[in-house]
Amino acid sequence: MELGNLSEMVLDAIYPKRCPVCGEAVNPAGRDICEACEKILVPVRGNICSKCGRPVRDVNSRLCDNCKRIPHEYDMARVLYPYNQILKRSLSAFKYHGRREYAAFFARSIYEHFEVFINMIGPDVIIPVPVYKDRLRVRGYNQAELVADRLSKLTGIPAANDFLLRVKHTEAQKLLGPDARRKNLAGAFAVNKDSDWYRQYINSALIIDDIYTTGSTGDVCAEVLKAVGVGKVYFICIAGVEADC
């Protein structure tokens, strides 16, 4: 048995991992989610918007109403789960209450559900949506970065964690309407010119975030990245609110 695996088993015994659904110690031990709870989370399937990846009720429509109205800067997005009360509680615990271990489950689920999509788009790097320094200091970590690191190990695609910066404090997006979201994020992101990635040509980048609402975060990130020469920018979110068609 490898030393790393043995250490993880010892840590699991002392500090059992919590399930991202029920919040209790994972049952059986050694998993990243309870065996029973994993069946509760059903990934987005069926008829989806070809642009943002959220479910659409109209089987004859290739785009949701939001994507028909808004010309997105990113090239294509996908969401793993529909945003519901279970995901709301889980992501809140992941972001604000120290449940770093949830990153293992979310990264694995993204990889298993979107392996074909990721291979199709062929990203050179995985980029987490950054957190502003004040919030990072309070939380102690960036949840998107934890997922990006795990996904990087699963795919072999490097995580460029220092390439995209959040340079301005913004209001919580959940409190704002569609137009206000975009204005709120104006000037919030910048490319880090001190990053080694700034000196490399990136043909395709995959951005990781937690919740897709209107796509404004993906748009602003894509705009900043494309301005410095990144060819295509894709977007995967753990959860997405229901599309408006």
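The values are calculated or read from the model by the stated rules, or taken from the named source; none is laboratory data. The structure displayed is predicted, hence computed values, not measured ones. So basically every Cβ, Gly included, is an ideal-geometry build from the backbone, and we count neighbours across all protein chains shown. Ligands, DNA and RNA are excluded from the accessible area calculation, which covers all protein heavy atoms including side chains. Shrake-Rupley method; radii C 1.70, N 1.55, O 1.52, S 1.80 Å.
Non-local lysine pairs in the chain, meaning eight or more places apart or on different chains, with alpha-carbon distances under 13 Å, amount to 4.
Taking every alpha-carbon pair in the stretch 191-245 and binning the separations at 10 Å intervals from zero gives 22, 47, 24, 6, 1 percent. GNM on the chain, alpha-carbon springs under 10 angstrom: the most fluctuating residue among Asp196, Asp209, Asp124 is Asp196.
Placing unit charges on the Cβ atoms only, positive for Lys and Arg and negative for Asp and Glu, gives the stretch 193-245 a dipole magnitude near 360 debye about its Cα centre. Modelled spin-label separation between Asn84 and Asn27, with each label point placed 7 Å from Cα along the Cα-to-Cβ direction: 2.1 nm. Protein heavy-atom accessible surface, 1.4 Å probe, per residue over the chain: 51 Å². When a/c reaches 1.5 or more, the comparison of a/b and b/c decides; with that in mind, is the stretch 86-140 rounded, prolate or oblate per its Cα gyration tensor? Note, shape of the stretch 86-140 comes out oblate. Put simply, the Cα atoms of the chain extend 50, 46, 35 Å along their principal axes, the longest span coming first. Ligands, DNA and RNA excluded, the heavy atoms of Thr217 present near 20 Å² of accessible surface to a 1.4 Å solvent probe. Across the chain, the relative contact order, built from alpha-carbon pairs under 8 Å that are at least six residues apart, equals 23 percent. The residue list Phe106, Ser61, Ser90 was ranked by how far each Cα lies along the charge dipole of the chain toward its positive end, using unit charges on Cβ atoms, and Ser61 comes out on top.
Provide the percentage of antiparallel DSSP beta bridges, counting only those with both residues in the chain; round to the nearest 5. Restricted to the chain, the bridges split so that about 20 percent are antiparallel.
Here the chain is treated with +1 on each Lys and Arg Cβ and -1 on each Asp and Glu Cβ, and its dipole about the Cα centre works out to around 640 debye. Taking the protein heavy atoms of the stretch 1-142 in the context of the full set of protein chains, the accessible area attributed to carbon and sulfur is 53 percent at 1.4 Å.
Rounded to the nearest 20 debye, the dipole size of the stretch 8-95 about its Cα centre is 460 debye, using +1 on the Cβ of Lys and Arg and -1 on the Cβ of Asp and Glu.
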